[in-house]
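*Asks:* Provided herewith is a single structure, encoded as structure tokens, for subsequent inquiry.
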Amino acid sequence: MLSNENELSLITLIIQNTKGVLAKVASFCSENGMNIEKLTLSNFKADNKQQRIVLYVSGNRVRINNLLENFKQIPEVIDIKNFQSNQYLERELVLLKIKDNNPNLPKVSELVNEYNGNTIFFRNNIIIFQFINEEEKNNELTQRVENLTSDVEILKGGIIATSLNDKTNV
């Protein structure tokens, strides 16, 4: 029996890069009474002809299954995957921009080390650090940085995810 309880589901779509596909995906989510909690769109192939959509949707199992069936109706959808929590690895990119004269820079630098960050830019009195971690870990990091200083710019790049099975292509 399918559950009526809402759950968060990770779905990835490989699509042809054409106008209106993302709008169709969002429309099907809305029509199924589901909210898109997170969404990342990125190129799947180097030629930019295919893209990967990673989305988290919240809804019960019946609605999620209906949504997956609706996605199959979109001609530009090449592949669909619906992951369970133990079937994928996800990461999020965070860039942290701070001035080199910030009085809290030494404490921020400690966090850079603690959260496996690295310096990717240092010029014109600006330092930019990069972090690639699980979303929860990055949320903790950004909260700690914001507690130290308000004179910082934090950019989050969205979630990327991959299957933990032995397949390497669609």
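The values are calculated or read from the model by the stated rules, or taken from the named source; none is laboratory data. In this text, all values refer to a predicted model and were calculated from it rather than measured experimentally. Backbone-built Cβ (ideal geometry, glycine too); neighbour counts: all protein chains shown. Side chains included, ligands, DNA and RNA excluded: accessible areas come from the protein's heavy atoms. Shrake-Rupley method; radii C 1.70, N 1.55, O 1.52, S 1.80 Å.
*Asks:* Take PHE129 and decide whether it is without any contact (Cβ under 8 Å) to a residue 40 or more places away in the chain, open to solvent by less than 80 Å² (accessible area, probe 1.4 Å) and of a type outside the set (Ser, Thr, Tyr). Reasoning before the result, please.
*Replies:* Details: without any contact (Cβ under 8 Å) to a residue 40 or more places away in the chain: yes; open to solvent by less than 80 Å² (accessible area, probe 1.4 Å): yes; of a type outside the set (Ser, Thr, Tyr): yes.
Judged against the criteria, PHE129 is a match.
One line per residue, one yes/no per condition, for (1) under 20 Å from the mean Cα position of the chain (by Cα); (2) closer than 23 Å to THR18 by Cα; (3) of a type outside the set (A, V, I, L, M, F, W, C):
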residue	(1), (2), (3)
GLU31	no, yes, yes
LYS38	yes, yes, yes
LYS49	no, yes, yes
ARG63	no, no, yes
PHE71	yes, yes, no
ASN86	yes, no, yes
TYR115	yes, no, yes
ASN124	no, no, yes
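*Asks:* Look at ARG63 and say whether it is more than 20 Å from ILE154 (Cα to Cα) and either out of contact with any helix residue (DSSP H, G or I) (no Cβ under 8 Å at 6 or more places or on another chain) or surrounded by 15 or more Cβ atoms within 10 Å (Cβ to Cβ) (or both). First the steps, then the outcome.
*Replies:* Values: more than 20 Å from ILE154 (Cα to Cα): yes; either out of contact with any helix residue (DSSP H, G or I) (no Cβ under 8 Å at 6 or more places or on another chain) or surrounded by 15 or more Cβ atoms within 10 Å (Cβ to Cβ) (or both): yes.
Here the answer is yes, as ARG63 does meet what is asked.
*Asks:* If only one of SER109, SER58 is surrounded by 13 or more Cβ atoms within 10 Å (Cβ to Cβ), at pLDDT 95 or above and not basic (Lys, Arg), which one is it? Give the derivation first.
*Replies:* Details: SER58 fails: at pLDDT 95 or above.
Every option except SER109 fails the conditions.
*Asks:* Within segment 113-126, identify whether any single residue is at pLDDT 95 or above, open to solvent by 40 Å² or more (accessible area, probe 1.4 Å) and assigned to a helix (DSSP H, G or I), and answer yes or no.
*Replies:* yes
*Asks:* Continuing with the same structure: Please specify each residue of segment 1-34 satisfying the condition of being open to solvent by 20 Å² or more (accessible area, probe 1.4 Å), at negative phi and at pLDDT 90 or above.
*Replies:* Scanning segment 1-34 gives GLN16, ASN17, THR18, LYS19, LEU22, ALA23, LYS24, ALA26, SER27, PHE28, SER30, GLU31.
*Asks:* Related question: Yes or no: segment 141-153 includes at least one residue that is at positive phi, without any contact (Cβ under 8 Å) to a residue 24 or more places away in the chain and not in a helix (DSSP H, G or I).
*Replies:* The answer is no, given that none of the residues of segment 141-153 is at positive phi, without any contact (Cβ under 8 Å) to a residue 24 or more places away in the chain and not in a helix (DSSP H, G or I).
*Asks:* If ASN102 meets every condition in (1) closer than 21 Å to ASN35 by Cβ; (2) outside any strand (DSSP E or B) apart from one, which number is that one?
*Replies:* (1)
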